[in-house]
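Input: one structure, supplied below.
The values are calculated or read from the model by the stated rules, or taken from the named source; none is laboratory data. Predicted model, so just to flag it, every value in this text is computed and none were measured. Cβ placement follows ideal geometry from the backbone for every residue including glycine, while neighbour counts extend to all protein chains displayed. Quick note on the areas: whole protein, heavy atoms, side chains included, nothing else; ligands and nucleic acids left out. Shrake-Rupley method; radii C 1.70, N 1.55, O 1.52, S 1.80 Å.
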Amino acid sequence: MSFLCTTNLSLHPHPKFLYPNPNPKSPKFLLQFPAKPPILRFSGHRTISFRSPARQTTSRQHPFTWLQIAATSAVLFFGLNVQGCLAASSPSLPANTVVAAQEESTVDQDDDGGAERNVDNVQMNEDKEFIAAEFENWKLKTFALSVPLRIVALRGSVPPSWIKDFIQSQGRRLRFRVKYLGSLENIFSDISASFNKRNIGPMSAVASDIVSVGDSWLSFAIKNSIIEPLRGVEEQDWFKGLSDKWKVYLRRNHEGEIDPEGEIWAAPYRWGSMVIAYKKSKFQKHKLAPIEDWADLWRPELAGRISMVDSPREVVGSVLKYMGASYNTKNIDLQVPGGKNAVQQNLALLGKQVRLFDSMYYLKTFSMGDAWVAVGWSSDVLPIAKRMSNVAVVVPKSGTSLWADLWAIPAATKLETNQIGGRIRGPSPLIHQWIEFCLQAARALPFKQEVIPGATPSAIENSVIEVPKELTKGKPKLDTNLIAGVPPPEILTKCEFLEPLPDATLSDYKLLIRTMQIPDPGLIHRIQHYILSTFHTFRLKQHPKVA
């Protein structure tokens with residue numbers, strides 16, 4: 001009686017399974033073991049497949065030696081014992097075995113007329129623990145492929161926690177770089193200079209994927225083609241979640257004008273309002289009524305006690321609001337009672353009230369005590385007011401202007417240069433993910449904690465914002481009608497974003513500003529002297545030996 005064994009007896013922890021032997025003259029079952037451990041291969045798909053190497057088979061018979069007979073008898077004995085334990089003639093696959101492909105092939109018959117059947121290219125999964133361990137090892141590997149994202153942002157406008165959380169959410173493949181500039185004007189000037197002088201380098205703002213742009217600069221950036229529209233925003237979740245007020249304001253034509261048929265050129269990530277701060281101690285000492293609205297700026301007792309930003313839109317706009325008109329009045333003669341003459345008279349009176357018009361030094365004048373009232377943007381005023389004592393910050397009851405910081409894409413693809421590094425590839429694919437991240441509800445926490453002045457775009461809705469007490473516990477409370485950086489609902493409905501004005505209206509603004517009485521410029525020199533003397537005093541304290 002002869003027996004046939006078609007396998008090499010190599011030890012392996014997991015035998016595949018028992019195949020029915022097609023040769024009636026041989027044992028009923030044929031034991032088969034994999035010759036080699038499974039090979040881990042990566043296909044081009046999402047699944048990882050395990051493929052066993054094909055076995056080498058042959059039809060040539062060799063003479064039996066006594067060692068072969070002994071080995072064959074041992075295999076037969078083991079196979080018969082397995083047969084007695086089987087419940088059926090066809091064995092079942094182990095629970096953790098997946099057969100991905102099974103092909104049958106025939107081989108030449110032997111001298112006794114027997115035939116062999118072999119199963120090739122069988123894909124199997126190892127146990128779950130092995131797969132999990134291999135996958136964890138794969139994740140720890142360093143890959144050459146990385147996704148870049150470079151941002152140029154306004155200093156103090158992006159909470160540090162945003163950067164940390166975004167990097168963690170993207171994993172190790174993200175190559176993230178962020179650069180901060182001191183003002184929106186600096187960012188705008190940097191981008192403009194790149195297009196005008198063609199002086200472009202890898203660290204230029206135009207070489208970044210996305211930059212901070214102030215809403216007041218948006219129309220100029222569009223008109224001068226230094227930014228490009230955001231593509232495919234209609235399908236983005238962050239855009240769908242914006243209120244109609246944002247969507248109408250951000251949709252512009254190529255001249256920078258608001259147009260319902262225009263494109264979306266930027267995405268908001270922070271906004272605030274124009275506010276009035278005043279020193280309560282001075283008002284209480286001189287028995288002055290608190291400031292509540294724009295009309296209070298014209299009170300005689302405050303003459304020469306006000307400092308204000310030097311923005312024409314804000315200065316003329318405050319006069320328009322005082323007269324019951326809109327910041328975005330396009331025809332002053334038709335839309336304002338008394339026309340340009342009335343506006344000019346009130347603007348001249350305001351010029352006598354204001355001690356200093358200067359966006360750089362107006363808060364320094366306020367903190368030095370030369371001014372009792374400061375009129376400026378909440379992003380500037382709130383941090384200073386919190387460091388001072390007995391200061392109140394109010395949003396005028398008749399409404400005020402709103403400002404916004406936006407994300408925009410520099411139009412670097414229009415530049416024919418190879419000096420801007422990776423940006424020549426086009427905008428990063430992570431731009432929309434970054435915007436989506438910035439607009440998530442969880443990103444509002446730094447604003448509610450007053451770490452960063454401002455509010456998230458979703459807070460523009462007319463809803464009351466409640467700040468948990470634990471967020472403000474232990475912090476000095478500022479006297480203000482702002483709630484987490486947002487004006488009260490009844491005032492917010494009267495607030496306006498500054499929309500682009502026609503050239504004729506801008507000419508009227510220039511004429512009105514030109515006729516104003518300019519305050520004494522000597523104050524600026526005193527402020528500069530104060531700054532220099534303060535720096536010198538600080539330097540002496542740090543280095544006493546330096547004279």
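Which one is most open to solvent (accessible area, probe 1.4 Å) among residues in the stretch 325-344 that are in a helix (DSSP H, G or I) and in contact (Cβ under 8 Å) with a residue 60 or more places away in the chain? Explain how you work it out, then say what you get.
First, pick out the residues of the stretch 325-344 that are in a helix (DSSP H, G or I): 332-335, 339-344.
Filter once more, so that each one left must be in contact (Cβ under 8 Å) with a residue 60 or more places away in the chain: 332, 340, 343-344.
Numbers: Ile332: 2, Lys340: 51, Val343: 1, Gln344: 72 Å².
Selected residue: Gln344.
On the basis of being surrounded by fewer than 22 Cβ atoms within 10 Å (Cβ to Cβ) and either of a type in the set (Lys, Arg) or in contact with a strand residue (DSSP E or B) (Cβ under 7 Å, 6 or more places away or on another chain) (or both), does Gly262 make the cut?
yes
Specify which of the listed residues (Asp237, Asp215, Asp209) is open to solvent by 50 Å² or more (accessible area, probe 1.4 Å) and closer than 21 Å to Cys438 by Cβ.
After ruling out the rest, the residue left standing is Asp237.
Being open to solvent by less than 60 Å² (accessible area, probe 1.4 Å), in a helix (DSSP H, G or I) and in contact with a strand residue (DSSP E or B) (Cβ under 9 Å, 6 or more places away or on another chain) narrows it down to one of Ser359, Ser307, Ser318, so name that one.
After applying the criteria, what remains is Ser318.
Would you say Ser225 is at pLDDT below 95, assigned to a helix (DSSP H, G or I) and of a type in the set (S, T, N, Q)?
No.
Kindly provide the set of residues from the stretch 362-371 that are in contact with a helix residue (DSSP H, G or I) (Cβ under 6 Å, 6 or more places away or on another chain), open to solvent by less than 60 Å² (accessible area, probe 1.4 Å) and touching a residue at least 60 places away in the same chain (Cβ under 8 Å), ordered by number.
Selection gives Ala371 alone.
Check Ile264, Ile227 and return the single one that is more than 15 Å from His432 (Cβ to Cβ) and of a type in the set (Val, Ile, Thr).
Ile227
Being surrounded by 14 or more Cβ atoms within 10 Å (Cβ to Cβ) and part of a loop (DSSP other than H, G, I, E, B) is the requirement here; does Glu255 meet it?
Answer is no for this residue.
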